[in-house]
Amino acid sequence: MQQRTLGATGLRVSRLGLGTMTWGRDTDEHEARDQLIAFAEAGGTLVDTAAAYAEGVSEQMVGALIGDVVARDEIVLATKAAITAKDGRLRYDTSRGGLLSTLDASLKRLGVDHVDLWQVHTWHAGAPLEETLAALDHAVSSGRTSYVGISNYSGWQTAQAATWQRAVPGRTPIASTQVEYSLLNRGIEHEVLPAAAALGLGVLPWSPLGRGVLTGKYRHGTPADSRAATSQFSRFVGHYLDERSAGIVEGVARAADGLGWSPLEVALVWVRDRVGVTSPIVGARTAAQLQGALNVEQLSLPVEIAEALDDVSAD
């Protein structure tokens, strides 16, 4: 798998990342192991998790596989703080103390002394931005992480945070932003992508398959074993089960038929090769599902197909 530089840093990551949000909830330890084996064998290096995923179990499962399935120095290990979960309830804390204590707990669950990329999972007004960013500086200076990033920030929030870190020598520059981006959600093109390009941030799209809708699995109803059929994710997926999204999905399906590809391959390659994108984060419930995403390495969309998809999905 090709490697790309993360923003204006020297950190190299695979151009597809492995997301682990389902690990410990929908994905058991055996499927997780098979996923990581398949990802590593395909040349993937970027493994992304978070303190909030499955209330920390995702990080534990990733940690259990480091040194077993892959060596620590063979992966780019990324996690996030600012959101924690307990008993099904989310807690938001972007204070310096909250972030650093969450990072320490993450390192313990992962079984490592540092991560390669530590990200603020969300913007939150509960603490001043400069306090949040000071935690990133301290995490780097104390050796807990090598690089820092943000996630789910709007355009102005991205620009403010990145500019603050650039304003004074010695502060740690922000390496990346992780945001939702797919043919069903192109909102980041208006402000986030331009801000990231201007300020040297790599872009890590999450849900590049439109929360699974772009695979075409919901074209004729809701499969019983799909996320949309669960109480936990029905609203999350249902957001894209509308008339506009259906038209985009049909456009993807027609492109797939013409190319002899799957809809998943069309949708994922479109995101992967967008200007400014470093590495889409692909999550899957099973290793078989993940393999479908790993098959795109040698694929590239013809220009006319990419332009047609741009047109059909334009806001």
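The values are calculated or read from the model by the stated rules, or taken from the named source; none is laboratory data. Predicted model only: the values in this text are computed from it and were never measured. Backbone-built Cβ (ideal geometry, glycine too); neighbour counts: all protein chains shown.
Go through the residues of region 9-31 one by one and say whether even a single one is within 23 Å of L133 (Cβ to Cβ), out of contact with any Lys or Arg (no Cβ under 8 Å at 6 or more places or on another chain) and surrounded by 16 or more Cβ atoms within 10 Å (Cβ to Cβ).
First, pick out the residues of region 9-31 that are within 23 Å of L133 (Cβ to Cβ): 9-11, 13.
Add one more test, that the residue is out of contact with any Lys or Arg (no Cβ under 8 Å at 6 or more places or on another chain), and what stays is 9-11.
If we keep only those that are surrounded by 16 or more Cβ atoms within 10 Å (Cβ to Cβ) too, we end up with 9, 11.
Yes, that holds for at least one residue.
Based on this model, can you work out whether W164 counts as surrounded by fewer than 23 Cβ atoms within 10 Å (Cβ to Cβ), in contact (Cβ under 8 Å) with a residue 24 or more places away in the chain and within 14 Å of the chain's Cα centre (by Cα)?
Working: surrounded by fewer than 23 Cβ atoms within 10 Å (Cβ to Cβ): yes; in contact (Cβ under 8 Å) with a residue 24 or more places away in the chain: yes; within 14 Å of the chain's Cα centre (by Cα): no.
It is false that W164 is surrounded by fewer than 23 Cβ atoms within 10 Å (Cβ to Cβ), in contact (Cβ under 8 Å) with a residue 24 or more places away in the chain and within 14 Å of the chain's Cα centre (by Cα).
Among the listed residues V57, V62, which satisfies the condition of being outside any loop (DSSP other than H, G, I, E, B), surrounded by fewer than 24 Cβ atoms within 10 Å (Cβ to Cβ), of a type in the set (V, I, T) and in contact with a strand residue (DSSP E or B) (Cβ under 8 Å, 6 or more places away or on another chain)?
V57
If you go through region 288-308, how many residues are buried (at least 16 other Cβ atoms within 10 Å of the Cβ) and over 25 Å from L18 (Cα atoms)? Before you say what the answer is, go through the steps one by one.
Residues of region 288-308 buried (at least 16 other Cβ atoms within 10 Å of the Cβ): 289-290, 292-294, 296-297, 301, 305-306, 308.
Filter once more, so that each one left must be over 25 Å from L18 (Cα atoms): 305, 308.
Residues flagged as buried (at least 16 other Cβ atoms within 10 Å of the Cβ) and over 25 Å from L18 (Cα atoms) within region 288-308 amount to 2.
Quick one: in region 116-136, of everything that is surrounded by fewer than 16 Cβ atoms within 10 Å (Cβ to Cβ) and of a type in the set (D, E), which residue is farthest from T163 (Cα to Cα)?
E131
Being modelled with pLDDT of 95 or more, in contact with a Pro (Cβ under 9 Å, 6 or more places away or on another chain) and of a type in the set (G, A, S), is that true of even one residue in region 227-245?
No, because not a single residue in region 227-245 is modelled with pLDDT of 95 or more, in contact with a Pro (Cβ under 9 Å, 6 or more places away or on another chain) and of a type in the set (G, A, S).
What is the residue count in region 70-115 for residues that are part of a strand (DSSP E or B), crowded, with 19+ Cβ neighbours inside 10 Å and not β-branched (V, I, T)?
Adding up the residues that qualify gives 4.
Looking at region 24-44, which of its residues are part of a loop (DSSP other than H, G, I, E, B) and closer than 21 Å to K108 by Cα? So that I can check it myself, show each step before the final result.
Here is the first cut: in region 24-44, the ones part of a loop (DSSP other than H, G, I, E, B) are 24-26, 28, 42-44.
Of everything in region 24-44, those that are part of a loop (DSSP other than H, G, I, E, B) and closer than 21 Å to K108 by Cα turn out to be G24, R25, D28.
For region 269-287, state whether one or more residues are in a helix (DSSP H, G or I), within 21 Å of T177 (Cβ to Cβ) and touching a helix residue (DSSP H, G or I) at 6+ places or on another chain (Cβ under 6 Å).
Taking every residue of region 269-287 in turn, at least one turns out to be in a helix (DSSP H, G or I), within 21 Å of T177 (Cβ to Cβ) and touching a helix residue (DSSP H, G or I) at 6+ places or on another chain (Cβ under 6 Å).
Applying the selection to region 44-98, what residues are farther than 25 Å from T278 by Cβ and charged (D, E, K, R)?
Selection gives E55, D68, K86, D87, R89, R91, D93, R96.
List the pairs whose first member sits in region 124-150 and is in contact (Cβ under 8 Å) with a residue 60 or more places away in the chain and under 12 Å from T172 (Cα atoms), whose second member is in a loop (DSSP other than H, G, I, E, B) and of a type outside the set (A, V, I, L, M), and whose Cβ atoms are under 7 Å apart, counting only residues at least 6 apart or on separate chains?
These pairs meet every condition: S146/H114; Y147/T9.
I'd like the full set of residues that are surrounded by fewer than 22 Cβ atoms within 10 Å (Cβ to Cβ) and either at pLDDT below 95 or touching a strand residue (DSSP E or B) at 6+ places or on another chain (Cβ under 8 Å) (or both), limited to region 36-50.
If the condition is that a residue be surrounded by fewer than 22 Cβ atoms within 10 Å (Cβ to Cβ) and either at pLDDT below 95 or touching a strand residue (DSSP E or B) at 6+ places or on another chain (Cβ under 8 Å) (or both), then A40, G43 are the ones that fit.
Does region 262-273 contain any residue that is within 17 Å of G216 (Cα to Cα), among the acidic types (D, E) and crowded, with 18+ Cβ neighbours inside 10 Å?
yes
Could you give every pair whose Cβ atoms fall below 8 Å, whose first residue belongs to region 298-315 and is part of a helix (DSSP H, G or I), and whose second residue is β-branched (V, I, T), counting only separations of at least 6 or pairs across chains?
I305/V266; L309/V252; L309/V266; V312/I248; S313/I248
For region 160-183, give me the residue count where each residue is part of a strand (DSSP E or B) and of a type outside the set (D, E). Before you say what the answer is, go through the steps one by one.
Step one: list which residues in region 160-183 are part of a strand (DSSP E or B), which gives 174-180, 182.
The next check asks that each one be of a type outside the set (D, E); those that pass are 174-179, 182.
Number satisfying all stated conditions: 7.
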